[in-house]
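Student: Take this structure, written in structure tokens, and hold onto it; I'll ask about it next.
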Amino acid sequence: MNLLQATRDVQAKVHALLSGTGHLERDEAAALAGRLREVIEAHNYRYYVLDAPLITDAEYDVLLQALRRLEARFPGLQTPDSPTQRVGGAPLDRFEKVRHPVPMLSLQNAFDFDELRAWYERCRRGLKAALGVEAPPAVTAELKIDGVAVALTYEAGRLVVGATRGNGVEGENVTENVRTIRAIPLRIPVAGGTTADVPARLEVRGEIYIRKSDFEKLNARLAAAGEKTFANPRNAAAGSLRQLDPRVTATRPLSFFAYAVGPVEGTVPPAQYELLAWLRGLGFPTNPHAARFTDLDALLAFCERWAHARDALDYEIDGIVVKVDDFAYQEALGAISNAPRWAVAYKFPAREATTRLLDIVVNVGRTGVIKPEAVLEPVLIGGVTVSQATLHNEEYVLSRDIRIGDVVVVKRAGDVIPQVVRPVVEARTGSERPWRMPERCPACGNPLERLPDEADYYCVASDCPAQFIRLVEHYAGRDAMDIEGLGAKLAVLLVEQGLLHTLADLYTLTLAQLLALEGFAEKRARNLLAAIEASKHRPLSRLVFGLGIRHVGKTVAELLVAHFASLDALAGADVETLEAIEGIGEKIARSVVDWFRVEDNRVLVTRLREVGVNTRRLPGEAPPAPGESPVAGKTFVLTGTLPSLSRKEAEERIKRAGGKVAGSVSKKTDYVVAGESPGSKYDRARALGVEIIDEARLLALLGDADGPPAR
Ligand code: IVH
């Protein structure tokens, strides 16, 4: 019987039982509990290991709740490895020490490609000398997960001990905490897995970690409860795993990837790459991005790719672990002191550095939002000089006790604006000064306001020049009205020279006015006027986004335009109507209504229309009714480089046709659109049997009616 059928089956039995229509004998209850456990485990496996859930979280909870009730009604039914036993047992006074029968080694590091090449060369020579191997050995490369290493011991398929790595020789017994982690099987092989033969005794090693998204949520929850927040996901994972009260650990969103085995009584596959698949078959989540190479250049390309792509992952990695694949080769190479010769960690360039916080200034954004910003002593981070960093908001600064004059840790992650992570409290001299949010807007001097449930302060003055300059910049931005040549500097100049008082003034600028400005010759002035003129014909969603209404980003603007065919129609909408739109909450709805209530804004809308700016939905801007396009309602995942469409264009066109674009492949994906050098999404699509199409097929699905790609 397939899983979904089995699920429906137990759901029906459970329903009959819980609604009181079924009478249950003990034997039947025992059988039902057994079935429930299997079904729950199998869904767990699909969720954590295959990342392809078949049922919703709510349905899963109903099953779990039913099992709980059943176990409560017939006390003898409960087993230690029942999925109900993940709630956390009694608190401990301290953790007991556990000696690792086989030490958990650490890794030698390679900080650049030369060192990585040198490591590989050493392995080659070593294997030649020891075993006479001529061919370059295969290696398995895995993402180096930034979490906490643990060893999980299974006896007769049951989890008996979970221990931290500790110093490698001795760790702490955190079994009760480990049992609360749903990604870690309590019993193997799990129902739904594919590996049947379980060694009598097996130690599985891997990393407990916290996803970045879960980390944000956890910190928000802790902050709201007035508790201490964690500095990063790794600290959060370590801190959560080392709670003396397992019930606390049970509330923490811990995840797990298995990547090795310790001592085994029984057989395991002969090489690392196969080992990972074998572990997955037993029921352990393994990272999906592992790859095997025999070509050194391909390995280096893999490392290079992940050094850039790491920010796109929802968990932190700090390098790539490269392991000689064949276990017999590993054995022959052996270890030096506390690290094996057969493995190396290629470390990504550091992206954190310490420097002095010289000052904290506040900036006024286009919506009037006030953001504290750090002025730093310039410091080189990952090849880029950083002298400014964001401090997010008042609460961010105060909760971390960041003071002017502090030595601070600054982090630069990918394209993201650098941020101050924390102060180095140990480096304080006593001359550091606490900072306070100014009471007045630095640009216009009006008092700042903080809305009841928002973290940010705002300058609400309608005539604040700083706000207006930012608004002009935003309005002219690429995702809004796309006025080429109108950037931050020119926005300042136009406003300061008194040429712009409202956005509509852009459209009455004259050649003579521009020529009078510094740095303007005829050509530049004419180009700018042409660009402003061209902006009159943009799609309505870009105008709605460009107006700078608080909480109305690009996606929300598109959503609004899908429901309102003109700016006037939107202006007339009330909070209830707006809130009824899926994806629009009360906060956004209020913000929109408030914006159109302001007299100046209403005048602006009228003037924009009068000067000829498009205020109506363009044909093709609204999604077609479901069923109109073969793309409507379908979920797409894009991978690789497409021959003619950019990623953004493809996404926009799919969305315009009523389709959805997801970031990862699951059973729910309808099509994977693959271009050149597709990534792991391609493999996953193949594994799951999801239809893979090329750009030509996508364009055909989108239909000719859609016209040429939007620029
Ligand atoms: S293998 C002897 N594989 O890195 C090999 N380790 O510096 C031992 N780590 O303590 C580890 N991801 O916490 C291995 N895919 C991976 C890993 C990994 C993260 C951590 C682990 C270990 C540390 C070594």
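Student: Of the numbered conditions (1) within 16 Å of the ligand (Cβ to nearest atom); (2) assigned to a loop (DSSP other than H, G, I, E, B); (3) closer than 21 Å to ARG158 by Cβ, ASP81 satisfies every one except a single condition; which is it?
Tutor: Unmet for ASP81, out of (1) within 16 Å of the ligand (Cβ to nearest atom); (2) assigned to a loop (DSSP other than H, G, I, E, B); (3) closer than 21 Å to ARG158 by Cβ: (1).
Yes/no per residue for (1) among the small types (Gly, Ala, Ser); (2) in contact with a helix residue (DSSP H, G or I) (Cβ under 7 Å, 6 or more places away or on another chain):
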site	(1), (2)
THR286	no, yes
ARG305	no, no
GLY319	yes, no
ALA335	yes, no
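Student: Sticking with this structure for a sec: Go through region 634-671 and give me each residue that's within 20 Å of HIS289 (Cβ to Cβ) and among the polar types (S, T, N, Q).
Tutor: THR639, THR641, SER664, SER666, THR669
Student: Scan region 650-677 for residues that are in contact with a strand residue (DSSP E or B) (Cβ under 8 Å, 6 or more places away or on another chain) and within 17 Å of LEU313 (Cβ to Cβ) and jot them down.
Tutor: Matches in region 650-677: ALA662, GLY663, SER664, VAL665.
Student: Condition test on ALA250, is it under 23 Å from the mean Cα position of the chain (by Cα) and more than 14 Å from the ligand (Cβ to nearest atom)?
Tutor: The answer is yes for ALA250.
Student: Kindly indicate whether GLU216 is free of Cβ contacts under 8 Å to residues at least 40 places away in the same chain, surrounded by fewer than 19 Cβ atoms within 10 Å (Cβ to Cβ), more than 22 Å from the chain's Cα centre (by Cα) and not in a strand (DSSP E or B).
Tutor: No.
Student: Given the criteria modelled with pLDDT of 95 or more and surrounded by fewer than 18 Cβ atoms within 10 Å (Cβ to Cβ), does VAL375 qualify?
Tutor: Yes: the conditions hold for VAL375.
Student: Now a separate question. Does region 319-338 hold any residues that are within 12 Å of the ligand (Cβ to nearest atom), crowded, with 16+ Cβ neighbours inside 10 Å and of a type outside the set (Gly, Ala, Ser), and which are they?
Tutor: Answer for region 319-338, where residues must be within 12 Å of the ligand (Cβ to nearest atom), crowded, with 16+ Cβ neighbours inside 10 Å and of a type outside the set (Gly, Ala, Ser): ILE320, VAL321, VAL322, LYS323, VAL324, GLN330, LEU333.
Student: Quick check on my filter: what residues within region 558-569 are surrounded by 22 or more Cβ atoms within 10 Å (Cβ to Cβ) and under 16 Å from VAL613 (Cα atoms)?
Tutor: Result: VAL561, LEU567.
Student: What's the total number of residues in region 494-535 that are of a type in the set (A, V, I, L, M), assigned to a loop (DSSP other than H, G, I, E, B) and over 44 Å from the mean Cα position of the chain (by Cα)?
Tutor: 3
Student: To continue, here is another question. Hey, can you tell me all the residues within region 74-107 that are modelled with pLDDT under 90, out of contact with any Leu (no Cβ under 8 Å at 6 or more places or on another chain) and loosely packed, with under 14 Cβ neighbours inside 10 Å?
Tutor: PRO75, GLY76, VAL87, ALA90
Student: How do the pairs read when you match residues in region 52-81 that are without any contact (Cβ under 8 Å) to a residue 60 or more places away in the chain and under 17 Å from SER19 (Cβ atoms) with residues anywhere that are assigned to a loop (DSSP other than H, G, I, E, B) and of a type outside the set (A, V, I, L, M), using Cβ under 8 Å and keeping only pairs 6 or more apart or on different chains?
Tutor: LEU67/SER82
Student: Considering only residues that are surrounded by fewer than 19 Cβ atoms within 10 Å (Cβ to Cβ), of a type outside the set (S, T, N, Q) and in contact with an Asp or Glu (Cβ under 8 Å, 6 or more places away or on another chain), which ones fall in region 382-404?
Tutor: Passing the criteria: ARG403, ILE404.
Student: Report, by residue number, each residue of region 99-115 that is within 14 Å of the ligand (Cβ to nearest atom) and not in a loop (DSSP other than H, G, I, E, B).
Tutor: GLN108, ASN109, ALA110
Student: Among the residues of region 349-360, is there at least one that is of a type in the set (Gly, Ala, Ser) and buried (at least 21 other Cβ atoms within 10 Å of the Cβ)?
Tutor: No, that holds for no residue.
Student: Out of all the residues in region 116-143, which are more than 16 Å from ASP325 (Cα to Cα) and either part of a loop (DSSP other than H, G, I, E, B) or near the ligand (Cβ under 9 Å from one of its atoms) (or both)?
Tutor: GLY132
Student: For region 158-168, name all the residues that are surrounded by fewer than 19 Cβ atoms within 10 Å (Cβ to Cβ) and away from the ligand (no atom under 15 Å from the Cβ).
Tutor: Within region 158-168, ARG158, VAL160, VAL161 meet the criteria.
Student: So for region 520-535 (the condition being in contact (Cβ under 8 Å) with a residue 12 or more places away in the chain and touching a Ser or Thr at 6+ places or on another chain (Cβ under 6 Å)), does at least one residue qualify?
Tutor: Within region 520-535, not a single residue is in contact (Cβ under 8 Å) with a residue 12 or more places away in the chain and touching a Ser or Thr at 6+ places or on another chain (Cβ under 6 Å).
Student: Considering only residues that are at pLDDT 95 or above and either in contact with a Gly (Cβ under 8 Å, 6 or more places away or on another chain) or among the hydroxyl-bearing types (Ser, Thr, Tyr) (or both), look in region 284-302 and name the one that is farthest from the ligand (Cβ to nearest atom).
Tutor: For region 284-302, the residue satisfying everything is PHE284.
Student: Say whether the condition of being acidic (Asp, Glu) and near the ligand (Cβ under 9 Å from one of its atoms) is met by at least one residue in region 146-154.
Tutor: yes
Student: If you don't mind, there's one more thing I want to ask. Would you mind stating whether GLY171 is within 33 Å of the chain's Cα centre (by Cα) and either within 10 Å of the ligand (Cβ to nearest atom) or assigned to a loop (DSSP other than H, G, I, E, B) (or both)?
Tutor: no
Student: Is it true that some residue in region 396-413 is part of a loop (DSSP other than H, G, I, E, B), free of Cβ contacts under 8 Å to residues at least 40 places away in the same chain, over 30 Å from TYR475 (Cβ atoms) and not hydroxyl-bearing (Ser, Thr, Tyr)?
Tutor: There is at least one residue in region 396-413 that is part of a loop (DSSP other than H, G, I, E, B), free of Cβ contacts under 8 Å to residues at least 40 places away in the same chain, over 30 Å from TYR475 (Cβ atoms) and not hydroxyl-bearing (Ser, Thr, Tyr).
Student: In addition: Collect the residues in region 138-150 that are buried (at least 20 other Cβ atoms within 10 Å of the Cβ) and more than 27 Å from the chain's Cα centre (by Cα), keeping them in residue-number order.
Tutor: Passing the criteria: only VAL139.
Student: Among the numbered criteria (1) crowded, with 16+ Cβ neighbours inside 10 Å; (2) modelled with pLDDT of 90 or more, which one does GLY612 miss?
Tutor: Answer for GLY612: the failing condition is (1).
Student: Condition check: closer than 30 Å to TYR120 by Cβ and either assigned to a loop (DSSP other than H, G, I, E, B) or in contact (Cβ under 8 Å) with a residue 40 or more places away in the chain (or both). Does ASN177 satisfy that?
Tutor: no
Student: Identify all residues within region 569-608 that are within 32 Å of the chain's Cα centre (by Cα), in a loop (DSSP other than H, G, I, E, B) and β-branched (Val, Ile, Thr); write none if there are none.
Tutor: Within region 569-608, ILE581, ILE584 meet the criteria.
One line per residue, one yes/no per condition, for (1) of a type in the set (Phe, Trp, Tyr); (2) farther than 28 Å from LEU276 by Cβ; (3) not in a helix (DSSP H, G or I):
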{"position": "LEU4", "(1), (2), (3)": "no, no, no"}
{"position": "ALA12", "(1), (2), (3)": "no, yes, no"}
{"position": "ALA29", "(1), (2), (3)": "no, yes, no"}
{"position": "LEU36", "(1), (2), (3)": "no, yes, no"}
{"position": "TYR45", "(1), (2), (3)": "yes, no, no"}
{"position": "ASP51", "(1), (2), (3)": "no, no, yes"}
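Student: May I pose another question? Restricting the search to region 339-391, which residues are within 16 Å of the ligand (Cβ to nearest atom) and without any contact (Cβ under 8 Å) to a residue 40 or more places away in the chain?
Tutor: ALA350 - this is the single residue of region 339-391 that is within 16 Å of the ligand (Cβ to nearest atom) and without any contact (Cβ under 8 Å) to a residue 40 or more places away in the chain.
The values are calculated or read from the model by the stated rules, or taken from the named source; none is laboratory data. None of these values were measured; they are calculated from a predicted model. Backbone-built Cβ (ideal geometry, glycine too); neighbour counts: all protein chains shown.
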